[in-house]
1. Check the range 314-328 and report whether any residue there is farther than 17 Å from V170 by Cβ and either within 16 Å of the chain's Cα centre (by Cα) or in a loop (DSSP other than H, G, I, E, B) (or both).
2. Are there strands (runs of 3 or more DSSP E) fully within the range 1-93 with at least 2 residues that are within 16 Å of the ligand (Cβ to nearest atom)? List them.
3. How many residues does the range 235-246 hold that are more than 8 Å from the ligand (Cβ to nearest atom) and open to solvent by 30 Å² or more (accessible area, probe 1.4 Å)?
4. Can you confirm whether Q309 is closer than 30 Å to V145 by Cα, part of a helix (DSSP H, G or I) and touching a strand residue (DSSP E or B) at 6+ places or on another chain (Cβ under 6 Å)?
5. Being assigned to a loop (DSSP other than H, G, I, E, B), open to solvent by 10 Å² or more (accessible area, probe 1.4 Å) and out of contact with any Pro (no Cβ under 7 Å at 6 or more places or on another chain) narrows it down to one of K249, K298, K253, so name that one.
6. Mind checking whether some residue in the range 94-112 is out of contact with any strand residue (DSSP E or B) (no Cβ under 7 Å at 6 or more places or on another chain), under 30 Å from D22 (Cβ atoms) and modelled with pLDDT under 95?
7. Only one of K196, K211 is of a type in the set (K, R), modelled with pLDDT of 80 or more and either more than 23 Å from A285 (Cβ to Cβ) or more than 16 Å from the ligand (Cβ to nearest atom) (or both); which?
8. Identify all residues within the range 24-47 that are buried (at least 17 other Cβ atoms within 10 Å of the Cβ) and in contact with a strand residue (DSSP E or B) (Cβ under 9 Å, 6 or more places away or on another chain); write none if there are none.
Amino acid sequence: MPNSKIAGIGFYVPEKVVTNHDLARHMDTSDEWIQERSGIVERRYVNRHEDTTATIGAKAARIAIERAGIDKEEVDFIIFATLSPDYYFPGCGVLAQRELGISKTEIGALDIRNQCSGFVYGLTVADQFVRSGMYKNVLLIGAEVHSIGLDFTTRGRNVTALFGDGAGAVVIQPTEEKGKGILTSKLHSDGTYAEKLAYINPGGHSGYHAKKMGDDTDFGYDPDQEFGGLFLTQHMMDNAMTFPNMDGKLVFKAAVTKFPEVIMEALNDQGYTTEDIDLFIPHQANLRISQLVQRRLKLRDDQVWNNIQRYGNTTAATIPIALCEAWEAGKVKEGDLICIAAFGSGFTWGATLIRW
Ligand code: UT7
């Protein structure tokens, strides 16, 4: 069975730069607070009348396809990871397919809803498709447009300050080169804290699961409503229940534990240690998380790539954007051992080792 490799990579971030000072004009926050707690200096936002998650995903995809040296019609499957899809349904996979003009072959398209770990999960699915021989050119896109779904009042500052828009894409192909390509992936999830980093409404069931688990938080669930109209109520809108919510401290603590665990699991699986890693690309959730993980794994600064300072957290897009930037900067070279890892909403997390 061949391994699969990343044959082409690209990223796209919108031109509009939004600094911490810009946010401070809308809510009670400061450049100092945001930089100190998260490392973020600025992020990018799309012009909502020009771009969407699918269109920026397609922009990144065009670059990845060109760098893979294939024609768009040779893509034989699309995987699209996002938590901010253009529509409730259908997913962004088919929208990107249409946007790219991939039409001749009526290829399959699949959306992945795994939030921060969406790219790692998507890469693992692509890897399995390619290894099994089912597909030869899988296009994997991770893209987010957060800027249209955030609360820009002080109420939402703990979430809004962190997130930005952006997209990354890779083309996965088989490789016959022994020991090259994707070596292993380890994926995990634990639904215990599903509502602790979530976008619950409009979802139809408004925190039903949380209630069942004994969580008294008001997510807008109305047990008297028999059917219909559950998607948006005045109560939800009046009480900021139509925005993402996050228990930052809980997520932070879980992240700094699970990141090292899953990375060590992947390294042990292949008989490597942290010293063997040439470049570690952590999901860009918070610079403090990345730095703590780096310290726990005893990685040198030159072994880690962070760019959250410039883009904020672009969720499913952070890893392909950072990987692409690092590759463009000459930090990802033939034969290097690359480790990518993510943790986030679900909770879901995972790590992949790639021999470039
Ligand atoms: O990729 C998805 C995964 N997400 C994450 O990994 C996020 C993990 N969590 C975090 O990154 C951090 O918990 C945050 C950056 C979200 C928050 O940092 P923190 O050090 O945990 O702060 P906190 O939530 O304990 O808030 C401290 C104070 C609070 O005020 P009081 O209650 O002490 O008066 C907040 O209301 O800071 C306040 N605060 C802010 N102040 C200014 C929260 N957000 C802001 C803000 N600007 N943007």
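1. No, the range 314-328 contains no residue that is farther than 17 Å from V170 by Cβ and either within 16 Å of the chain's Cα centre (by Cα) or in a loop (DSSP other than H, G, I, E, B) (or both).
2. Here the list reads 16-19, 42-45.
3. Result for the range 235-246: 7.
4. no
5. From the options K249, K298, K253, the qualifying one is K298.
6. No, the range 94-112 has no match at all.
7. Answer to the selection: K211.
8. Those that are buried (at least 17 other Cβ atoms within 10 Å of the Cβ) and in contact with a strand residue (DSSP E or B) (Cβ under 9 Å, 6 or more places away or on another chain): S38, I40, V41, E42, R43, R44, Y45, V46.
The values are calculated or read from the model by the stated rules, or taken from the named source; none is laboratory data. Everything quoted here is computed from the prediction, not taken from an experiment. So basically every Cβ, Gly included, is an ideal-geometry build from the backbone, and we count neighbours across all protein chains shown. SASA here: full protein model, heavy atoms, side chains in, ligands and nucleic acids out. Shrake-Rupley method; radii C 1.70, N 1.55, O 1.52, S 1.80 Å.
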